[in-house]
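Asks: So that we are looking at the same thing, I have put the structure below in structure tokens.
The values are calculated or read from the model by the stated rules, or taken from the named source; none is laboratory data. A quick note: this is a predicted structure, and the numbers were derived from the prediction, not measured. So basically every Cβ, Gly included, is an ideal-geometry build from the backbone, and we count neighbours across all protein chains shown.
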Amino acid sequence: MEQEDIRAGKNPGRDLEIDSEALKCRLATPTQIATEPGIRTDLIRIEKLAKVYRSGDSDLVIFHELDLSIAAGDQVAIIGPSGSGKSTLLHLIAGLDSPTSGTIYYRNKNITNLPEAELSAFRNREIGYVWQQHHLLPEFTAEENVMMPLLIRGVAPAKARSEALVVLEEVELSARGHHRAGELSGGEQQRIAIARALVAGPSLLLADEPTGNLDGRTGEMIFRLLADLRRRRRLTTILVTHNLQFARECNRVLKLEGGALYPELGQE
Ligand SMILES: Nc1ncnc2c1ncn2[C@@H]1O[C@H](COP(=O)(O)OP(=O)(O)OP(=O)(O)O)[C@@H](O)[C@H]1O
Ligand SMILES: [Mg+2]
């Protein structure tokens, strides 16, 4: 697979290690995450979630019987000591990892037992992620990186490009769209990663220490940008952070410690 093929939108999934069967399924049968009528309106509901890593004879229990409900529009910060399982929880919510037991519902649909193809389609449509590392493709331009989720979804390259330009404008980097991602500064790369997370119009933004690799001033700028975008786009957000000041700007702050989630700062 040549870079030119990817730029032209030909099988963009392969180089991104996207399961081609998943991609085919996605293109053939658009997923509808149906809402079962008459029950709860939470965007996410987690019931008795457990994650246990087995190593040799011993079990490492990260959490068990974890319950959490997040309503559409909630801004949730998750804080807690290193190793308490914050990233693990985000990975499970994103469907990037499977729980040992328990259930995660997204709009009342159980996503813990979806076939991989449906899960990939769900992630592409519903979830935007921003990680501590930007995970951009350094040899590709900023614009091409932002186009990628749309190309994976099967959007025509010209349309993907025009939508990418709109989001690049939102992160105030439209002037740098033709620069290779690897040539941009850390803060600029994170802004591109934010644009890539938002270009496909997700309902849920997951951010795992998005300012963790940046100096204080750049981190503050990225946090402000994220806060502004999630307000403007009415995104439900789960932000994992060690920065209490950032956490306190969310409407819910939860602490993950000893395998349980506790409301912090008297917010709940
Ligand atoms: N694949 C794995 N196999 C075994 N143990 C794992 C695996 N992935 C994570 N862990 C362990 O699970 C625990 C929780 O990890 P996790 O990365 O979720 O913590 P965290 O709260 O995000 O920490 P930090 O604040 O440092 O990012 C850690 O003790 C980690 O070593
Ligand atoms: Mg982590």
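Asks: Go through (1) surrounded by 15 or more Cβ atoms within 10 Å (Cβ to Cβ); (2) away from ligand 2 (no atom under 15 Å from the Cβ) one by one and return the number of the condition residue 243 breaks.
Replies: (2)
Asks: Give 220, 188 a once-over and let me know the one that is away from ligand 2 (no atom under 16 Å from the Cβ), of a type in the set (D, E, K, R), free of Cβ contacts under 8 Å to residues at least 60 places away in the same chain and touching a helix residue (DSSP H, G or I) at 6+ places or on another chain (Cβ under 8 Å). Give the derivation first.
Replies: Details: 220 fails: touching a helix residue (DSSP H, G or I) at 6+ places or on another chain (Cβ under 8 Å).
Sole residue among the options that is away from ligand 2 (no atom under 16 Å from the Cβ), of a type in the set (D, E, K, R), free of Cβ contacts under 8 Å to residues at least 60 places away in the same chain and touching a helix residue (DSSP H, G or I) at 6+ places or on another chain (Cβ under 8 Å): 188.
Asks: Look through 9, 38, 13 and report the one residue that is modelled with pLDDT under 50 and loosely packed, with under 15 Cβ neighbours inside 10 Å. Write out each step before concluding.
Replies: Details: 9 fails: loosely packed, with under 15 Cβ neighbours inside 10 Å; 13 fails: loosely packed, with under 15 Cβ neighbours inside 10 Å.
When all the criteria are applied, what remains is 38.
Asks: Kindly indicate whether residue 207 is of a type outside the set (Ser, Thr, Tyr), within 14 Å of the chain's Cα centre (by Cα) and surrounded by 20 or more Cβ atoms within 10 Å (Cβ to Cβ).
Replies: On the way: of a type outside the set (Ser, Thr, Tyr): yes; within 14 Å of the chain's Cα centre (by Cα): yes; surrounded by 20 or more Cβ atoms within 10 Å (Cβ to Cβ): yes.
Spelling it out, residue 207 is indeed of a type outside the set (Ser, Thr, Tyr), within 14 Å of the chain's Cα centre (by Cα) and surrounded by 20 or more Cβ atoms within 10 Å (Cβ to Cβ).
Asks: Give the residues of segment 58-110 that are of a type in the set (Lys, Arg) and not in a loop (DSSP other than H, G, I, E, B), sorted by residue number. Explain how you work it out, then say what you get.
Replies: Filtering segment 58-110 down to residues of a type in the set (Lys, Arg) leaves 86, 107, 109.
Once the filter is applied, which keeps residues that are of a type in the set (Lys, Arg) and not in a loop (DSSP other than H, G, I, E, B), segment 58-110 yields 86, 109.
Asks: Mind checking which residues of segment 71-113 are among the basic types (Lys, Arg) and within 14 Å of ligand 2 (Cβ to nearest atom)? Even if it seems obvious, please write down each step before you answer.
Replies: Let us first name the residues in segment 71-113 that are among the basic types (Lys, Arg), namely 86, 107, 109.
Once the filter is applied, which keeps residues that are among the basic types (Lys, Arg) and within 14 Å of ligand 2 (Cβ to nearest atom), segment 71-113 yields only 86.
Asks: Moving on. Considering every residue within segment 217-239, establish whether at least one is within 20 Å of residue 63 (Cβ to Cβ) and either assigned to a helix (DSSP H, G or I) or within 16 Å of ligand 1 (Cβ to nearest atom) (or both).
Replies: So in segment 217-239, the residues within 20 Å of residue 63 (Cβ to Cβ) come out as 238-239.
Among the residues that remain, those that are also either assigned to a helix (DSSP H, G or I) or within 16 Å of ligand 1 (Cβ to nearest atom) (or both) are: 238-239.
Yes; the residues of segment 217-239 include at least one that is within 20 Å of residue 63 (Cβ to Cβ) and either assigned to a helix (DSSP H, G or I) or within 16 Å of ligand 1 (Cβ to nearest atom) (or both).
Asks: Can I ask one more? Return the total of residues in segment 122-171 being under 22 Å from residue 86 (Cα atoms) and without any contact (Cβ under 8 Å) to a residue 40 or more places away in the chain.
Replies: The total comes to 1.
Asks: I've got another one for you. Pairs, please: C-beta under 6 Å, at least 6 apart or cross-chain, first residue more than 6 Å from ligand 1 (Cβ to nearest atom) and in segment 79-90, second in a helix (DSSP H, G or I) and among the small types (Gly, Ala, Ser)?
Replies: 79/247
Asks: Here are some residues: 214, 206. Which one is of a type outside the set (Phe, Trp, Tyr) and either closer than 27 Å to residue 125 by Cβ or out of contact with any helix residue (DSSP H, G or I) (no Cβ under 6 Å at 6 or more places or on another chain) (or both)?
Replies: Numbers: 214 fails: either closer than 27 Å to residue 125 by Cβ or out of contact with any helix residue (DSSP H, G or I) (no Cβ under 6 Å at 6 or more places or on another chain) (or both).
Within the list 214, 206, the selection yields 206.
Asks: Of the residues 47, 116, 65, which is away from ligand 2 (no atom under 14 Å from the Cβ), on the phi > 0 side of the Ramachandran plot and either surrounded by fewer than 18 Cβ atoms within 10 Å (Cβ to Cβ) or free of Cβ contacts under 8 Å to residues at least 24 places away in the same chain (or both)?
Replies: On the way: 47 fails: on the phi > 0 side of the Ramachandran plot; 116 fails: on the phi > 0 side of the Ramachandran plot.
Just a single option satisfies the conditions, and that option is 65.
Asks: For residue 47, only one of the following conditions fails: (1) touching a strand residue (DSSP E or B) at 6+ places or on another chain (Cβ under 6 Å); (2) at pLDDT 95 or above; (3) within 16 Å of ligand 1 (Cβ to nearest atom). What is its number?
Replies: Every listed condition holds for residue 47 apart from (3).
Asks: Residue 57 fails exactly one of the following numbered conditions: (1) modelled with pLDDT of 50 or more; (2) over 28 Å from residue 226 (Cα atoms); (3) away from ligand 1 (no atom under 16 Å from the Cβ); (4) not hydrophobic (A, V, I, L, M, F, W, C). What is the number of that condition?
Replies: (3)
Asks: Can you go through 20, 82 and tell me which one is out of contact with any strand residue (DSSP E or B) (no Cβ under 9 Å at 6 or more places or on another chain), loosely packed, with under 13 Cβ neighbours inside 10 Å and modelled with pLDDT of 95 or more? Lay out the reasoning, then the answer.
Replies: Values: 20 fails: modelled with pLDDT of 95 or more.
Of the residues listed, the single one that is out of contact with any strand residue (DSSP E or B) (no Cβ under 9 Å at 6 or more places or on another chain), loosely packed, with under 13 Cβ neighbours inside 10 Å and modelled with pLDDT of 95 or more is 82.
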